[in-house]
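The block underneath contains the structure these notes are about, expressed in structure tokens.
The values are calculated or read from the model by the stated rules, or taken from the named source; none is laboratory data. This one's a predicted model, so the numbers in the text were calculated from it and none came from an experiment. Here the Cβ is made from the backbone with ideal geometry for all residues, glycine too, and neighbour counts use every protein chain on show.
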């Protein structure tokens, strides 16, 4: 095997491997999702036999993911043990908590799109604009993301978010004639 075949390529070829801790976290998340899918696939009704069960493919996929997450965790622990003494190996990247925060913000955004009951109409001249949960949730979440990651003043973040939300709403509703969620 040549040296090139043994390297892992990513978006940044100089990035190298993730830390053992990051691989353990990823393995845990993948394992949790795999177990959830396996349980849900077992809850599906089986009208015929096992071979025709609608959850069979999902169960096998979940089992495969569970095995892969176990192998990933084992490899991370081997890499941690192989580190020279004095190097912790379980350090978090500098932007880890900001990434976790972004993920949490996006979960709130998707939930807001699903459950936020907002509907109002604004009339500007002869133009009637409908304001729904997409506009309200996207404005709030986009302004929050801009404030956290772009770190400008709140008014600047709100203005940029409002501009994008207004642009998207107008284009989708008036040009494409598609109702946003």
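Key figures for this structure:
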read-out	value
Selection status of residue 59, touching a helix residue (DSSP H, G or I) at 6+ places or on another chain (Cβ under 8 Å), free of Cβ contacts under 8 Å to residues at least 60 places away in the same chain, within 30 Å of residue 141 (Cα to Cα) and surrounded by 11 or more Cβ atoms within 10 Å (Cβ to Cβ)	no
Residue 168 vs. criteria surrounded by 13 or more Cβ atoms within 10 Å (Cβ to Cβ) and out of contact with any helix residue (DSSP H, G or I) (no Cβ under 6 Å at 6 or more places or on another chain)	yes
In segment 37-56, the residues that are part of a helix (DSSP H, G or I) and free of Cβ contacts under 8 Å to residues at least 12 places away in the same chain	39, 50, 51, 52
Residue within segment 132-143 that is surrounded by fewer than 12 Cβ atoms within 10 Å (Cβ to Cβ) and either on the phi > 0 side of the Ramachandran plot or at pLDDT 90 or above (or both) present	no
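Conditions (1) at pLDDT below 80; (2) under 30 Å from residue 95 (Cα atoms); (3) surrounded by 12 or more Cβ atoms within 10 Å (Cβ to Cβ), marked per residue:
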residue	(1), (2), (3)
8	yes, yes, no
11	yes, yes, no
19	yes, yes, yes
24	no, yes, yes
30	no, yes, yes
52	yes, no, no
75	no, yes, yes
